[in-house]
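Everything below concerns the one structure shown next.
The values are calculated or read from the model by the stated rules, or taken from the named source; none is laboratory data. On a predicted model such as this, the values are computed, not experimentally measured, just so you know. Cβ placement follows ideal geometry from the backbone for every residue including glycine, while neighbour counts extend to all protein chains displayed.
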Amino acid sequence: MRKTVVVEIEKTFCDACLRKGEEAEATELLSLATSVEGASDRAWDLCLTHSVTFGRYLIDTLGMGDGTVPQAAAPVSVPEVDERQDVTEAEPEAVAEQPAEAAPVAEVERKGSVVVAGLPDDYDVSDYRTALTNLGYKTVHKAQGDTVGIIVGTNGANAIGKLLDASEKTLPCLDTIEQPGAVRAAVSAGVLTFPHSVPAVAKVYAVRSTEPEAGSPEAIRAWAKLNGVPCASKGRISSKIREAYKADLAGKASAA
């Protein structure tokens, strides 16, 4: 005789599935034991699917439990994009034309220095010095080792003293008062000449620079030195020397 007996069977369901409103029989138990006194252990019933899923999470995070360090996930390969596709080829940039280099300026040959005593009638101060520099001469106020001559003009500061110094050094002279336009002609020709004698120019310059009635002591002493007349370099000039100086000026003025 058969008899039907109802037997209650207790099933354990997956906690993860129950949270989603599903029922799946649990096959694994995930538990976390604690050693803290008074704290209870934690455990979760999991189905096979969730057991595998959470097991992977733990392995990826903590390793295999035997000291093995979890390996980093393999990098995802991204296919390279050919940047040349659908890109309009850019035109080459125009290269700026480089300006032509200026031709080197020929260096002026240096010919020494010249003493300048006054200005010629056809130049001002700046143009005069520039013209001499372009000819290759350096202008100086007193004769130096490379001085080749002296140029005399009008209104020269201490011209008599410069002429006397040039005379002692036997330098040649260019008298631009006697020879007007000589410097400009030299610039045009590219060569500077000194056709005059310094002592002769000094005597004439003393006449030019001083009026007979108002001769300065410097002019009288310079005249005396050039003419061999004894005269002290300082102090009062004797009347005899003054009279001789005036007579010489008067004679040269009448001869002119």
### Summary
Counting only residues in the stretch 112-139 that are touching a strand residue (DSSP E or B) at 6+ places or on another chain (Cβ under 8 Å) and at pLDDT below 85, the one surrounded by the fewest Cβ atoms within 10 Å (Cβ to Cβ) is identified as VAL125
### Query
When only residues in the stretch 158-209 that are of a type in the set (S, T, N, Q) and either within 22 Å of GLN144 (Cβ to Cβ) or in contact with a Phe, Trp or Tyr (Cβ under 7 Å, 6 or more places away or on another chain) (or both) count, which is modelled with the lowest pLDDT?
ASN158
### Query
Does LEU48 fit the bill of being surrounded by fewer than 13 Cβ atoms within 10 Å (Cβ to Cβ), among the aliphatic types (A, V, I, L, M), touching a strand residue (DSSP E or B) at 6+ places or on another chain (Cβ under 8 Å) and modelled with pLDDT of 75 or more?
no
